[in-house]
Amino acid sequence: MTPSFRLRLLGAPGIAGPSGHLAGPAIQGQPLALLAVLACAGERGIAREKLYALFWPESTTPRASHRLSQLVHHVRRGLDCADLILGSGELHLESERIACDIWEFTASRQHGELQRAAELYGGPFLDGFFLPDAAAFERWTEARRAALAREYLETLEALAVQEELRGDPRAAAGWWRRLNEEEPLSSRVTMHLMTALAAAGERARALEQARIYQTQVREELEAEPNPAVGALAEDLRRIPASIREAWRTGINAVAIAVLPLVALDQEPETRALSQGLTEELVTAAGEIPGVRVASPTSVAALRETTGDVRDLAARLGLEAVIEGSVRSASGRVRLTIRLVDGRDGCQLWTGRYERGPADGFEAQDALARTAIGAVQRQLAQLGAGRPPCDPPRP
């Protein structure tokens, strides 16, 4: 059955009927907010009590129940669709009656259709929508907006890395540019964009990108830009044409992935630390010249279907994988990492690093960069002794 309605929540929200035209004023304000909440709840639906808390937190339960019943009736009547909202204790949307861009965005990411996901993201969740006197709903909206925006950024980065792994720096630069438009003050994204532009033979545009970043940071943040961007710009000015051609053709580039670090105890602090160190390792590895790091989004999607490092490497076109674990005891943190050959699954190298009581993010960053410094030397040997990696499997 083809859905009669289409709910748009990414960008300016609205609901279109069978004719394709947006519904009128009847489906605005609370009715549209209710549809948004139900859409985000998915097939499982959402308990009536949670809806009371979102829309009428100050009302008694009987009064909130009456208001919800009226609101559901208003939506059904306004769209002339009695079975659009179903359920009693928990409410959900009938998916045969309505389509939603968030559902399609999520499904595309899960199925690895990242370009379609990027196309479906029409803008921030409920962009420009405001519900008066509904602080709980606003907090819920902000949380959903941030989560979906993060997924969109991960999608753009995954697409950029995929193109780099395929050896198409021009296409990669296009995706890095889109990501840069969303995060113009990120030095990491700026450096990736600069590298991709230089690899595509557009060194002047890469240098201009550095200037734009430095100007924006000084004007908008009133701070000094990351010196690594300026250092990369100086390197690009000095790099001879032969090396730029090697970048363009992928000679001696090493493609790797960083798997999520395993927390060896169940303490919440250790789990949080393992996640933070994983992110730091991805960032630090991505700054190594001649190394391409697979997007965590792509890695996570494939890890759900395969636990074999060799299969993961073959499908993403990787030469090596970084994996490891984190253990906390008596105020000390031990990070163990291994570099695994993606082609045969054999361990190439292992290292252990310890820190005393953490000094917050700075200590975490230092620990990751110490480890990556050792990995970099191993990757340099790997890149020097091997031909370019095979392209990823479809």
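The values are calculated or read from the model by the stated rules, or taken from the named source; none is laboratory data. Quick caveat, the model's predicted, so the values are computed rather than measured. Backbone-built Cβ (ideal geometry, glycine too); neighbour counts: all protein chains shown.
Tabulated results
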quantity: Any pair with Cβ under 9 angstrom, 6 or more apart, that starts in the range 208-235 at a residue that is in contact (Cβ under 8 Å) with a residue 12 or more places away in the chain and ends at one that is of a type in the set (Asp, Glu) and surrounded by fewer than 18 Cβ atoms within 10 Å (Cβ to Cβ); calculated: Gln214/Glu224; Val217/Glu224
quantity: Candidate set: the range 50-61, residues that are in contact with a helix residue (DSSP H, G or I) (Cβ under 8 Å, 6 or more places away or on another chain) and assigned to a helix (DSSP H, G or I); chosen: the one nearest to Glu90 (Cα to Cα); calculated: Leu51
quantity: Helices (runs of 4 or more DSSP H) lying entirely in the range 123-222 (those with 2 or more residues that are closer than 27 Å to Thr106 by Cβ); calculated: 135-165, 169-182, 187-199
quantity: Selected residue (only one of Arg63, Arg67, Arg48 is under 26 Å from Arg139 (Cα atoms), basic (Lys, Arg) and exposed (fewer than 15 other Cβ atoms within 10 Å of the Cβ)); calculated: Arg63
quantity: Which listed residue, of Ala206, Ala210, is more than 24 Å from Thr155 (Cβ to Cβ), modelled with pLDDT of 85 or more and in contact with a Ser or Thr (Cβ under 9 Å, 6 or more places away or on another chain); calculated: Ala210
quantity: Scan of the range 314-332 for residues that are modelled with pLDDT of 80 or more, more than 15 Å from Ser274 (Cα to Cα) and not small (Gly, Ala, Ser), ordered by number; calculated: Leu318, Glu319, Val321
quantity: Flag for Ala228 being more than 16 Å from Arg292 (Cα to Cα), assigned to a helix (DSSP H, G or I) and in contact with a Ser or Thr (Cβ under 7 Å, 6 or more places away or on another chain); calculated: yes
quantity: Which numbered condition Ala118 misses (of (1) farther than 23 Å from Trp140 by Cα; (2) of a type in the set (A, V, I, L, M); (3) crowded, with 20+ Cβ neighbours inside 10 Å; (4) at pLDDT 95 or above); calculated: (3)
quantity: For Trp103: the one exception among (1) surrounded by fewer than 16 Cβ atoms within 10 Å (Cβ to Cβ); (2) aromatic (Phe, Trp, Tyr); (3) out of contact with any Asp or Glu (no Cβ under 8 Å at 6 or more places or on another chain); calculated: (1)
quantity: Odd one out for Arg292 among (1) farther than 21 Å from Gly112 by Cα; (2) among the basic types (Lys, Arg); (3) under 20 Å from the mean Cα position of the chain (by Cα); calculated: (1)
quantity: Filter result (modelled with pLDDT of 80 or more and surrounded by 20 or more Cβ atoms within 10 Å (Cβ to Cβ)) within the range 237-258; calculated: Ala255, Ile256, Ala257, Val258
quantity: Lone unmet requirement of (1) assigned to a helix (DSSP H, G or I); (2) in contact (Cβ under 8 Å) with a residue 24 or more places away in the chain; (3) over 30 Å from Val161 (Cα atoms) for Ser95; calculated: (1)
quantity: Hey, Thr305 out of contact with any Cys (no Cβ under 6 Å at 6 or more places or on another chain), free of Cβ contacts under 8 Å to residues at least 40 places away in the same chain and surrounded by 18 or more Cβ atoms within 10 Å (Cβ to Cβ) or not; calculated: no
quantity: Scan of the range 61-93 for residues that are under 14 Å from Ile15 (Cβ atoms) and in contact with a strand residue (DSSP E or B) (Cβ under 9 Å, 6 or more places away or on another chain), ordered by number; calculated: Val75, Arg76, Leu79, Cys81, Leu84, Ile85, Leu93
quantity: Checking Ser274 against (1) touching a helix residue (DSSP H, G or I) at 6+ places or on another chain (Cβ under 8 Å); (2) crowded, with 21+ Cβ neighbours inside 10 Å, the condition it does not meet; calculated: (1)
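Yes or no, residue by residue, for (1) under 21 Å from Gly89 (Cβ atoms); (2) at pLDDT below 90; (3) assigned by TED's automatic domain parsing to the domain that holds Arg97:
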position: Leu9; (1), (2), (3): no, no, yes
position: Pro13; (1), (2), (3): no, no, yes
position: Ser19; (1), (2), (3): no, yes, yes
position: Pro25; (1), (2), (3): no, yes, yes
position: Gln30; (1), (2), (3): yes, no, yes
position: Ala33; (1), (2), (3): yes, no, yes
position: Val37; (1), (2), (3): yes, no, yes
position: Cys40; (1), (2), (3): yes, no, yes
position: Glu43; (1), (2), (3): yes, yes, yes
